[in-house]
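Enquirer: Sharing a structure, written as structure tokens. Questions coming.
The values are calculated or read from the model by the stated rules, or taken from the named source; none is laboratory data. All values derive from a computational prediction rather than experimental measurement. Don't worry about glycine lacking a Cβ; one is built from the backbone with ideal geometry, like all the others, and counts go over all protein chains shown. Just so you know, the surface numbers come from the protein's heavy atoms only, side chains and all, with ligands and any DNA or RNA stripped out. Shrake-Rupley method; radii C 1.70, N 1.55, O 1.52, S 1.80 Å.
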Amino acid sequence: YKFWRTQPVTKFDEKIDDEGSIDAPKTPDEVPDHPYPLLKEFEWDTLDLNDPVQITEIYDLLYANYVEDADETFRFKYSPQFFDWALRAPGCRPEWLVGVRVAATKKLVAFISGIPMHLRVRNTTLPSAEVNFLCVHKKLRSKRLTPLLIKEVTRRINKQNIWHALYTGGVILPSPVSTCRYYHRSINWAKLNDVGFSPLPPNSTRAKMISKYLLPAKTSLPGLRLMERGDIDQVYDLLVTYLSKFELAQVFEKDELLHWLMHDHGLNGKSNDANDPDRVIWAYVVETEKGAITDVVSFYKLPSTVLGNAKHDSINIAYSFYYASSVALEAPSRADVAVTAKLKARLIKLFENALILSRDLDFDVFNALTLLDNPLFLDELKFGAGDGYLNYYVFNYKARPIAGGLLPDQSLDVVNRSGVGAVML
Ligand SMILES: Cc1c(COc2ccc(F)c(F)c2F)oc2cccc(OCCCNCc3cccnc3)c12
């Protein structure tokens, strides 16, 4: 019984000559009105994020049952505030938050989410959904709930006349449109070593490793400051122009980008304070004396629970999110050697400052993928390659492979960098 053989996805060995939808066009009224039948002890549900109790149910389910690393040492620790940010983007549809409950007890035992977005694959823009947070309770694995969750969220998305989706995962499924590699920059090496994430290399000492990752006491970019809602017009133009150079990217409306970079900070009297303990997303801009915004850089907070460590129960992790620099726009082509050299120097400066800001916000490690122009700064800023890869998938769309920033030997492609401009949570 091969679920993925029944889905509109590119088969593993399929040759792709032309890009386009896989399924024949359909209309919402051809889509079943009722959910797929479940095993009788379970029932479908729609989660309501306006209800703090239900946000907590999602948090509790994922806290105990979501993605772990291969050695079962760490588990993602998405916070309730994170779900408020990740699942309440402009245009979000409540019915796309799909849960499975035990009929008798109403306990939430599985979840999958969709949020609406527009996805551009080369020159084609697809009204899509971003599907994320697929989770089945550990005690209910191999009951074939995952294919049902995927089919049910697809049904609910199709009902809204949306026929494509973007999803990522560490697992290999048919067939990735791109693959990026995990990179990590130690901030608090001692803690990462204590939890077993960063081993002490042979012929080195703790003192040497701690000093290797020391960062300047203060930021060094003139005009660097926390983004404010009033910056969105300039930030939108800068980031949208930069992202237009990539082959896989989200097409943002201005209000969408404002949500992704600012969440609700500075809205309806809420403060815009970098040290707000509930904050999950930070965006910084570089403003010249003339008031021009030349750069933007952002990162989100996604801790990992440390399983079974006497000294620490979690690692505070910053994940690189969207960024852009006006330097990148000084030439029409990304292949321009002189501009690439200038962009490399600029991104090293921008991300060194992002690292300093994340240190001061008490992060232990700063994570990045090999997407966007990241290969230009990862080595120089002492990021180390991780042992994980993130695969990008587009549902119901056949696309020629897109570079993930890696050469065939999995090392960084500092010449072509990547064609991926979509950063997933
Ligand atoms: C995940 C992830 C890692 C793992 O990082 C750490 C894990 C445990 C630690 F103690 C630690 F310090 C890490 F840096 O390093 C990364 C570097 C770049 C990007 C990364 O993930 C991008 C976010 C992926 N979405 C979450 C996800 C990932 C895989 C499957 N399903 C969901 C990651």
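Enquirer: Only one residue in Ser298, Ser304 is in contact with a helix residue (DSSP H, G or I) (Cβ under 8 Å, 6 or more places away or on another chain), of a type in the set (S, T, N, Q) and closer than 28 Å to Leu192 by Cα, so which one is that? Full working, then the answer.
Expert: Values: Ser304 fails: in contact with a helix residue (DSSP H, G or I) (Cβ under 8 Å, 6 or more places away or on another chain).
Of the residues listed, the single one that is in contact with a helix residue (DSSP H, G or I) (Cβ under 8 Å, 6 or more places away or on another chain), of a type in the set (S, T, N, Q) and closer than 28 Å to Leu192 by Cα is Ser298.
Enquirer: If you don't mind, another one. What are the residues in the range 168-198 that are open to solvent by less than 30 Å² (accessible area, probe 1.4 Å), within 16 Å of the ligand (Cβ to nearest atom) and within 24 Å of Val98 (Cα to Cα), if any?
Expert: If the condition is that a residue be open to solvent by less than 30 Å² (accessible area, probe 1.4 Å), within 16 Å of the ligand (Cβ to nearest atom) and within 24 Å of Val98 (Cα to Cα), then Gly169 is the only one that fits.
Enquirer: Anything in the range 370-385 that is open to solvent by 10 Å² or more (accessible area, probe 1.4 Å) and touching a residue at least 40 places away in the same chain (Cβ under 8 Å)? List them, or say none. Talk me through it step by step, then tell me what you get.
Expert: Within the range 370-385, the first condition is being open to solvent by 10 Å² or more (accessible area, probe 1.4 Å), and the residues that meet it are 379-385.
Hits for the range 370-385 are Leu381, Lys382, Phe383, Gly384, Ala385.
Enquirer: Shifting gears a bit: Can you find a residue in the range 248-260 that is within 21 Å of Leu355 (Cβ to Cβ), surrounded by 19 or more Cβ atoms within 10 Å (Cβ to Cβ) and in contact with a helix residue (DSSP H, G or I) (Cβ under 7 Å, 6 or more places away or on another chain)?
Expert: no
Enquirer: Which condition number in (1) part of a loop (DSSP other than H, G, I, E, B); (2) open to solvent by 30 Å² or more (accessible area, probe 1.4 Å); (3) at negative phi is the one that Leu49 fails?
Expert: Going through (1) part of a loop (DSSP other than H, G, I, E, B); (2) open to solvent by 30 Å² or more (accessible area, probe 1.4 Å); (3) at negative phi one by one, Leu49 breaks only (2).
Enquirer: A follow-up question, please. Only one of these is exposed (fewer than 14 other Cβ atoms within 10 Å of the Cβ) and free of Cβ contacts under 8 Å to residues at least 40 places away in the same chain: Ala338, Ala331. Name it.
Expert: Numbers: Ala331 fails: exposed (fewer than 14 other Cβ atoms within 10 Å of the Cβ).
Ala338 is the lone residue from the list that is exposed (fewer than 14 other Cβ atoms within 10 Å of the Cβ) and free of Cβ contacts under 8 Å to residues at least 40 places away in the same chain.
Enquirer: With the requirement that a residue be open to solvent by less than 10 Å² (accessible area, probe 1.4 Å) and more than 14 Å from the ligand (Cβ to nearest atom), what does the range 356-369 give you?
Expert: So the first thing to find is which residues in the range 356-369 are open to solvent by less than 10 Å² (accessible area, probe 1.4 Å), and the list is 356, 358, 363-366, 368.
Correct list: Ile356 only.
Enquirer: Out of curiosity, is Leu412 surrounded by fewer than 24 Cβ atoms within 10 Å (Cβ to Cβ), over 16 Å from Leu350 (Cα atoms) and in contact with a Pro (Cβ under 9 Å, 6 or more places away or on another chain)?
Expert: Answer is yes for this residue.
Enquirer: Within the range 65-82, identify whether any single residue is part of a helix (DSSP H, G or I) and among the hydroxyl-bearing types (Ser, Thr, Tyr), and answer yes or no.
Expert: Initial filter on the range 65-82 (part of a helix (DSSP H, G or I)): 65, 80-82.
From what is left, the residues that are among the hydroxyl-bearing types (Ser, Thr, Tyr) are none.
Checked the range 65-82: no residue is part of a helix (DSSP H, G or I) and among the hydroxyl-bearing types (Ser, Thr, Tyr).
Enquirer: Suppose the filter is touching a strand residue (DSSP E or B) at 6+ places or on another chain (Cβ under 8 Å), small (Gly, Ala, Ser), touching a residue at least 40 places away in the same chain (Cβ under 8 Å) and surrounded by 14 or more Cβ atoms within 10 Å (Cβ to Cβ); does Gly223 pass it? Break it down stepwise before answering.
Expert: Numbers: touching a strand residue (DSSP E or B) at 6+ places or on another chain (Cβ under 8 Å): yes; small (Gly, Ala, Ser): yes; touching a residue at least 40 places away in the same chain (Cβ under 8 Å): yes; surrounded by 14 or more Cβ atoms within 10 Å (Cβ to Cβ): yes.
In short, yes.
Enquirer: Spot the failing condition for Asn158; the list is (1) out of contact with any strand residue (DSSP E or B) (no Cβ under 8 Å at 6 or more places or on another chain); (2) near the ligand (Cβ under 10 Å from one of its atoms), and only one is missed.
Expert: Here Asn158 meets the rest and fails (2).
Enquirer: With the condition being within 30 Å of Pro8 (Cβ to Cβ), I'd like the helices (runs of 4 or more DSSP H) fully within the range 124-216 carrying at least 1 qualifying residues. Before the answer, list the steps.
Expert: Values: elements: 145-158, 189-194, 206-212.
It comes to 145-158.
Residue-by-condition table, conditions (1) touching a Gly at 6+ places or on another chain (Cβ under 9 Å); (2) under 23 Å from Thr124 (Cα atoms); (3) aromatic (Phe, Trp, Tyr):
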position: Ile210; (1), (2), (3): no, no, no
position: Arg225; (1), (2), (3): no, no, no
position: Asp231; (1), (2), (3): no, no, no
position: Leu239; (1), (2), (3): no, yes, no
position: Leu243; (1), (2), (3): yes, yes, no
position: Glu247; (1), (2), (3): yes, yes, no
position: Phe252; (1), (2), (3): no, yes, yes
position: Leu267; (1), (2), (3): no, no, no
position: Tyr284; (1), (2), (3): no, no, yes
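Enquirer: Specify which of the listed residues (Val394, Val423) is open to solvent by 10 Å² or more (accessible area, probe 1.4 Å) and within 14 Å of the ligand (Cβ to nearest atom). Show your work before the answer.
Expert: Numbers: Val394 fails: within 14 Å of the ligand (Cβ to nearest atom).
Sole residue among the options that is open to solvent by 10 Å² or more (accessible area, probe 1.4 Å) and within 14 Å of the ligand (Cβ to nearest atom): Val423.
Enquirer: Residues in the range 68-84: is at least one over 16 Å from the mean Cα position of the chain (by Cα), surrounded by fewer than 21 Cβ atoms within 10 Å (Cβ to Cβ) and more than 16 Å from the ligand (Cβ to nearest atom)?
Expert: yes
Enquirer: Can you find a residue that is in contact with a Ser or Thr (Cβ under 9 Å, 6 or more places away or on another chain), at pLDDT below 95 and open to solvent by 60 Å² or more (accessible area, probe 1.4 Å) anywhere in the range 107-122?
Expert: So in the range 107-122, the residues in contact with a Ser or Thr (Cβ under 9 Å, 6 or more places away or on another chain) come out as 110, 112, 114, 116-120.
So of that shortlist, the ones also at pLDDT below 95 come out as none.
The answer is no, given that none of the residues of the range 107-122 is in contact with a Ser or Thr (Cβ under 9 Å, 6 or more places away or on another chain), at pLDDT below 95 and open to solvent by 60 Å² or more (accessible area, probe 1.4 Å).
Enquirer: Could you give every pair whose Cβ atoms fall below 6 Å, whose first residue belongs to the range 292-305 and is among the basic types (Lys, Arg), and whose second residue is more than 12 Å from the ligand (Cβ to nearest atom), counting only separations of at least 6 or pairs across chains?
Expert: Close Cβ pairs satisfying both conditions: Lys301/Val280.
Enquirer: Identify the single condition in (1) more than 14 Å from the ligand (Cβ to nearest atom); (2) of a type outside the set (A, V, I, L, M); (3) in a helix (DSSP H, G or I); (4) within 22 Å of Thr168 (Cβ to Cβ) that Pro375 does not satisfy, given that it satisfies every other one.
Expert: The single condition Pro375 does not satisfy is (1).
Enquirer: Could you check, for the range 311-318, whether at least one of its residues is open to solvent by less than 10 Å² (accessible area, probe 1.4 Å) and closer than 23 Å to Leu381 by Cα? Write out each step before concluding.
Expert: Kept after step one, since they are open to solvent by less than 10 Å² (accessible area, probe 1.4 Å), are these residues of the range 311-318: 315, 318.
The next check asks that each one be closer than 23 Å to Leu381 by Cα; those that pass are 315, 318.
Yes: the range 311-318 contains one or more residues that are open to solvent by less than 10 Å² (accessible area, probe 1.4 Å) and closer than 23 Å to Leu381 by Cα.
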